[in-house]
Each structure stands twice: as structure tokens, then as C-alpha cells.
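S.K.: Provided herewith is a single structure, encoded as C-alpha cells, for subsequent inquiry.
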Amino acid sequence: MKPIEPSQATHSRKKALVLKPQRTRKPLVFVIIAVAIAAMGGAYFITNQPGQTDAPLSATSAGAQSNTTQIAYPLSLFGDGKARHFEHKTADGLAIRYFILKSTDGIVRAAFDACDVCWPENKGYTQDGSVMVCNNCGRRFDSVKINEVQGGCNPAPLNRAIQDDRLVLLIQDIEQGQRYFNFNAAQSAAGKG
């Protein structure tokens, strides 16, 4: 008996099956890389959300001396140029936030953690190098302009004085910032309009 020769078509199919390139894992590698990049991006997005600032310090934890009329911070606290956020509670429990920093020109400056425009969003400012950045609209304000320029989206200035080796804030000046942090009054006013 004579062996049956496969047809040319059968031979070509067998050859293609044998020589068929092996499935590579490249698509799987790309998927793993894409998932890793997405996870890192998500982590960056979560940890860098606008409005997330360091928790405000209390005056006493910052080494300040306070009484019923003023708070006096040691100037040495601001020597590194980093903005420090603080919170003052009024007699009726309203929390007023402000920050203090030493600007690039060497002057210690203070401002409310709010502005005339974005304050209803209650997001405040974060520091990026020598600028303060509005966590709501993203506008940037050079540190040398803090407490100098007011209005619009500029951080609302907070009066301050230097006495000996301390930065002094008067309680009455801090409490002038209530309008930026009294959200119940703002909601009531909005409901009437």
C-alpha cells in the first residue's frame, strides 16, 4: 500500500500551525503597566486634592502666648519660609482660619485662609514654593504680595505687628475675618435671594 500524500492545502495548514508564532505576553505586560500608572495617578490625585492643607495649628502648640486681646507668635517659628495655618475659635464657636509665612523678602506676613471671591468654597490656600495657591480657582500669589494686595482672589490681609521677637495678632483683627468663615449666614443670605 502506498502512503497517502497530504494535499498541498493540508501541508500548508500543518506548516502554519507548527510555525505559528507563539502568543506573547506583551499585551499582558502593557495591561499591568497601564494599571500601575493608573494606580499611581489615582494616589497622586487623592493626596493632592485642592483644599487639603495641613491641619491648622493651635496657637499654644506653636509656642504662641495668648490672652484675651492678642496672640503673639515667636518669629523663629516662620524662619523656614513655610506657611503655617492656624485656627482661632470665636466665643460662639466659629473657626476662623489664617496663615502666617515669612516671604522671600524676609517679611513675616499674615492673611486669612480665604479671599473675597472663593471664600464660599471653604478651600483656602496651600503653599507651592514662594507662592500661595488658591485651592478653589488655582490662582497663584507671590509671597511678597501677601498682606499687601487685597481684593479679588488675593488672600484677605490680616493686620499684624512685630514686637521684639514676636509677631502679634490682635484678637479683634482676627475676628474681623468672620465673614469668610460664617457659612450658615452665607447660606441663609443665599436662600433669601
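S.K.: Counting every Cα pair in the range 65-185, what percent are over 20 Å apart?
M.R.: Considering the range 65-185, 38 percent of its Cα-Cα pairs are separated by more than 20 Å.
S.K.: What does the C-alpha gyration tensor say about the overall shape of the range 121-175? Classify as rounded when a/c is under 1.5, otherwise prolate if a/b is larger than b/c, or oblate.
M.R.: Verdict is prolate for the range 121-175.
S.K.: So what is the relative contact order for the range 65-185, in percent, with contacts set as C-alpha pairs under 8 Å and at least six apart?
M.R.: So the answer I get is 28 percent.
S.K.: Obtain the nm distance between the two label points defined at SER66 and CYS137 by a simple spin-label model: each point lies 7 Å from its Cα along the Cα-to-C-beta direction.
M.R.: Calculated label separation equals 3.0 nm.
Every read-out reported here was derived from the displayed coordinates using simple, explicitly stated rules and does not represent laboratory data. Bear in mind that the values here come from a model prediction, so they are computed numbers and not experimental data. Cβ: placed from backbone, ideal geometry, glycine included. Neighbour counts: every protein chain shown.
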